[in-house]
Amino acid sequence: MKRLSEEAIETLQSQLRGEVILPDDPDYDEARTIWNAMIDKRPGAIARCSGVADVMQALQVAKDHDLLLSVRSGGHNIAGNAICDGGLTIDLSGMKSVHIDPHAQRAYVEPGATLGDLDHEAQAFGLATSLGINSTTGVAGLTLGGGFGWLTRKYGMTVDNLMSVEIVTADGRRLWANKEQNADLFWAACGGGGNFGVVTLFDFKLHPVGPEVLSGLIVYPFDQAKSLLNQYREYVKTIPDDLSVWVVLRKAPPLPFLPEEVHGTEVVVFALMHAGDIEEGKSLVEPLRHFGEPVGEHVGVNPFAAWQQAFDPLLTPGARNYWKSHNFAELSDEAIDTVIEYAGRLPSPQCEIFIALLGGEANRVAADATAYAHRDVNFVLNVHARWDEQGQDKTCVSWSREFFNAAAPYAMGGVYVNFMTQDETDRIGSAYGPNYDRLVQIKQKYDPDNLFHMNQNIKPRG
């Protein structure tokens with residue numbers, strides 16, 4: 001791959017409606033900065049696109065000049081593939097339009113929009129779709145990797161609610177893809193990452209949600225962890241799809257409903273949301289309050305959009321982040337013991353281990369219905385190391401990797417592609433599972449030269 005020439009830069013500047021940001025520009029450092037502070041890359045140019053035509057022009061320049069290419073939407077992905085060194089970054093973050101059709105219950109979303117952008121528009125009509133848990137996450141990256149969150153048990157994965165996409169492929173064509181048109185490309189976009197083109201519009205199915213839901217946190221001391229996780233394992237086997245309960249093991253933030261002496265101590269947090277009838281939800285949640293002796297609780301009726309923002313303060317940009325993840329069908333005794341062991345020696349106050357509950361509607365879809373294949377997963381465990389100083393890198397990364405290796409014997413072997421870091425290329429086959437070979441064939445058809453390879457890359461044959 002070549003570095004940007006003056007000719008390539010001049011072509012970009014003359015043909016784009018949006019801004020072309022170069023290394024000497026005063027806003028260059030801000031433009032190249034993404035959520036994970038461990039990523040420090042310097043593109044030769046950043047093409048801040050204003051629309052589909054800009055995307056098409058930027059792709060053509062990248063091909064004509066044999067440039068390394070990356071595509072940025074929300075910039076939240078842990079691996080940092082949104083930014084490249086020396087080449088061209090197509091920046092979609094300014095394309096943030098969200099249009100809601102309340103009668104058809106559809107959302108038409110540009111790739112720069114965040115979960116918060118979509119929720120803001122959709123909740124005006126009491127509608128939502130299955131997204132994540134952090135309002136600053138980009139809709140595009142979340143969706144292309146599969147996508148799951150508070151509504152997954154009731155309404156499936158994000159890709160199960162994706163009806164169609166507008167996508168610009170490597171040959172410069174703008175295509176509309178759904179189950180009837182370019183069906184193979186649409187199938188691949190439903191979980192295959194950014195391997196097949198630049199999606200410039202997402203069309204989602206919406207559902208009546210909220211605008212208020214029962215949600216909140218129940219916090220227990222860490223010394224009760226073994227009993228709590230054992231009870232949780234049995235409890236979630238009985239709950240309906242309307243209810244989602246995740247577990248977070250971390251040091252307690254200074255939340256106002258927690259006693260001051262609890263702040264900074266290890267805790268077990270049950271984070272919950274019920275997407276159905278409020279009174280029914282209160283009854284279902286009640287057993288969680290009696291798993292042990294809580295140190296604090298904040299559960300009540302909250303706006304859905306506000307609950308989607310509840311974890312934003314713990315996931316602000318600017319920190320250094322490193323993740324490792326496993327899929328589980330069941331939480332065995334050995335898996336629980338391993339979680340407790342490593343949660344008992346967190347290397348920084350911001351590190352955490354969370355267990356996301358899936359199942360429900362997400363698991364009623366066939367493994368080959370979308371590129372996202374892991375339809376037998378009930379729990380996704382994410383080891384989230386987070387810290388501020390570069391000097392802590394070795395300690396925090398080592399803790400993550402050691403925990404990952406210790407938990408591996410009890411896991412399923414697969415992995416959620418959006419939780420993979422840049423050093424996990426050996427797990428790409430595991431990320432796509434039994435759908436990998438079909439994805440390779442589609443990659444060969446739409447991107448035979450692997451123009452889109454700044455991702456968890458599916459390589460074309462040959």
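The values are calculated or read from the model by the stated rules, or taken from the named source; none is laboratory data. Note that the structure is a prediction, hence the values are computed from the model and not measured. Cβ coordinates were reconstructed from backbone atoms using ideal geometry, including for glycine residues, and neighbour counts include every protein chain displayed.
So in the stretch 233-265, with the set limited to residues that are under 18 Å from H298 (Cα atoms) and charged (D, E, K, R), which one is surrounded by the most Cβ atoms within 10 Å (Cβ to Cβ)?
Applying the filter and picking the extreme gives R250.
Quick one: in the stretch 425-440, which of the residues that are over 10 Å from A188 (Cα atoms) and in contact (Cβ under 8 Å) with a residue 40 or more places away in the chain is surrounded by the most Cβ atoms within 10 Å (Cβ to Cβ)?
Of everything passing the filter in the stretch 425-440, Y432 is surrounded by the most Cβ atoms within 10 Å (Cβ to Cβ).
Condition check ((1) touching a Pro at 6+ places or on another chain (Cβ under 7 Å); (2) of a type outside the set (V, I, T); (3) buried (at least 18 other Cβ atoms within 10 Å of the Cβ)) across all residues:
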residue	(1), (2), (3)
I355	no, no, yes
L358	no, yes, yes
F379	no, yes, yes
G391	no, yes, no
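I'd like the full set of residues that are crowded, with 20+ Cβ neighbours inside 10 Å and aliphatic (A, V, I, L, M), limited to the stretch 115-130.
The answer is L115, L118, A122, L127, A128.
For residues in the stretch 140-165 being closer than 26 Å to V247 by Cβ and among the aliphatic types (A, V, I, L, M), which is surrounded by the fewest Cβ atoms within 10 Å (Cβ to Cβ)?
Among those residues, the one meeting the criterion is L142.
Kindly check whether there is at least one residue in the stretch 52-74 that is within 28 Å of A367 (Cα to Cα), modelled with pLDDT under 95 and in a loop (DSSP other than H, G, I, E, B).
Yes, the stretch 52-74 has at least one match.
Evaluate the following for H374: is it modelled with pLDDT of 95 or more and part of a loop (DSSP other than H, G, I, E, B)?
Against the criterion (modelled with pLDDT of 95 or more and part of a loop (DSSP other than H, G, I, E, B)), H374 qualifies.
Any idea which of I100, I90, I133 is in contact with a strand residue (DSSP E or B) (Cβ under 9 Å, 6 or more places away or on another chain) and under 30 Å from D66 (Cβ atoms)?
I90
Quick one: count up the residues across the stretch 1-29 that are part of a loop (DSSP other than H, G, I, E, B) and touching a residue at least 12 places away in the same chain (Cβ under 8 Å).
Total satisfying the criteria: 9.
One residue is enough: does the stretch 309-321 have a residue meeting the conditions polar (S, T, N, Q), out of contact with any helix residue (DSSP H, G or I) (no Cβ under 7 Å at 6 or more places or on another chain) and farther than 18 Å from P349 by Cβ?
no
Scan the stretch 17-47 for residues that are touching a strand residue (DSSP E or B) at 6+ places or on another chain (Cβ under 7 Å), over 23 Å from A319 (Cβ atoms) and not aliphatic (A, V, I, L, M) and report the count.
Summing the residues that are touching a strand residue (DSSP E or B) at 6+ places or on another chain (Cβ under 7 Å), over 23 Å from A319 (Cβ atoms) and not aliphatic (A, V, I, L, M) in the stretch 17-47 gives 3.
Could you list all residues from the stretch 318-366 that are of a type in the set (D, E), more than 18 Å from M157 (Cα to Cα) and outside any strand (DSSP E or B)?
E330, D333, E334, D337, E341
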